[in-house]
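Below: the structure, in structure tokens.
The values are calculated or read from the model by the stated rules, or taken from the named source; none is laboratory data. Keep in mind that what you see is a predicted model, and the values were worked out from it rather than measured. Don't worry about glycine lacking a Cβ; one is built from the backbone with ideal geometry, like all the others, and counts go over all protein chains shown. Each accessible area value is taken on the protein alone, full model and side chains, heavy atoms only, with ligands, DNA and RNA left out. Shrake-Rupley method; radii C 1.70, N 1.55, O 1.52, S 1.80 Å.
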Amino acid sequence: GQQVMQIPQYQHVQEGEDFTTYCNSSTTLSNIQWYKQRPGGHPVFLIQLVKSGEVKKQKRLTFQFGEAKKNSSLHITATQTTDVGTYFCASPSYNTDKLIFGTGTRLQVFP
Amino acid sequence: SAVISQKPSRDICQRGTSLTIQCQVDSQVTMMFWYRQQPGQSLTLIATANQGSEATYESGFVIDKFPISRPNLTFSTLTVSNMSPEDSSIYLCSAAEADTQYFGPGTRLTVL
């Protein structure tokens with residue numbers, strides 16, 4: 001079945017450093033979504049990318065969808081302690097309304 | 001975006017008992033989903049709660065263990081039946097608007 005892998009599984013950075021998480025699928029994705037889950041919280045929708053090669057920015061966050069629509073990345077510039085949490089990518093399962101969630105990348109930021 | 005509430009927020013239960021989790025959405029939505037999340041893990045879809053028909057369960061989850069109700073477009077319940085310690089987890093409901101999903105705060109279940 002459709003699987004979405006993320007790397008790295010875990011990363012800790014010093015505040016001010018950059019951070020990138022990568023999302024990879026063996027199949028072409030109709031769209032890719034990113035969610036953030038703070039410790040003890042629930043996943044919160046960040047953004048959706050639909051077009052091949054699409055790039056979107058939200059302040060210090062840059063989201064990219066690969067040309068082949070099989071991978072995506074989330075880059076955070078100059079991390080802050082408020083960026084701490086687990087970042088999940090997700091994509092709709094083929095021909096259904098279900099979302100397939102990636103394995104997640106847990107980000108720890110040290111002040 | 002939809003605002004979702006869940007209750008209870010947490011519970012500690014004895015093995016062999018059942019717990020019903022309620023999920024309320026502040027607007028009418030077509031699709032609602034129930035997930036399970038173990039600490040430090042990703043989300044595992046239990047089932048899709050269909051309004052007016054039986055829920056659609058994912059592989060490894062069965063109706064007898066996780067009966068779901070969806071009486072209208074704003075409400076759903078998930079029951080965890082005949083609980084064992086392996087059922088200890090966080091249970092999340094979500095509502096879909098277009099392709100994206102909005103999650104409730106979750107129910108943290110501990111089974112002793």
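I'd like the interface area for chains B and A: accessible area of each alone minus the complex, both sides summed, 1.4 Å probe, protein heavy atoms only. What is it in Å² to the nearest 100?
1300
Multiplying the sequence separation of residue B:99 and residue B:63 by 0.36 nm and subtracting their Cα-Cα distance, what value in nm do you get?
The residue B:99-residue B:63 span can extend by a further 10.4 nm.
Per residue, how large is the accessible surface of segment B:1-107? Use a 1.4 angstrom probe and give square angstrom.
47
In the neighborhood of residue A:39, defined by Cβ-to-Cβ distances under 14 Å, what is the net charge if each Lys or Arg adds +1 and each Asp or Glu adds -1?
+3
Between residue A:47 and residue A:15, what FRET efficiency comes out of the Förster formula 1/(1 + (r/R0)^6) with R0 = 25 Å and r the beta carbon distance, rounded to 0.05?
Given R0 = 25 Å and the Cβ-Cβ separation, E is 0.60.
Within the protein assembly as shown, what whole-number % of the accessible surface is contributed by carbon and sulfur, with the 1.4 Å probe and all protein chains included in the calculation?
It is 49 percent, rounded to a whole number.
Run the numbers on segment A:76-111: which residues show a drop of 40 Å² or more in accessible area, chain on its own versus all protein chains together, using a 1.4 Å probe over heavy atoms?
Residues shielded by partner chains are A:97, A:98, A:99, A:101.
Any idea what the relative contact order of chain A is, in percent, if you count C-alpha pairs under 8 Å spaced at least 6 apart?
Dividing the mean separation by the residue count of chain A yields 37 percent.
Compute the relative contact order of segment A:1-47 as a whole-number percentage, counting only Cα pairs closer than 8 Å that sit 6 or more residues apart in sequence.
31
Do any of B:7/B:65; A:36/B:7; A:36/B:65; A:69/A:98; A:51/B:7; A:56/B:7 go past 28 Å between their Cα atoms, and which?
A:36/B:65; A:51/B:7; A:56/B:7
From Cα pairs below 8 angstrom and at least 6 apart in sequence, can you work out the relative contact order of chain B, rounded to a whole percent?
Across chain B, relative contact order equals 37 percent.
What is the mean number of Cβ atoms from other protein chains located within 10 Å of the Cβ atom of each residue in peptide B:28-39, rounded to a whole number?
1
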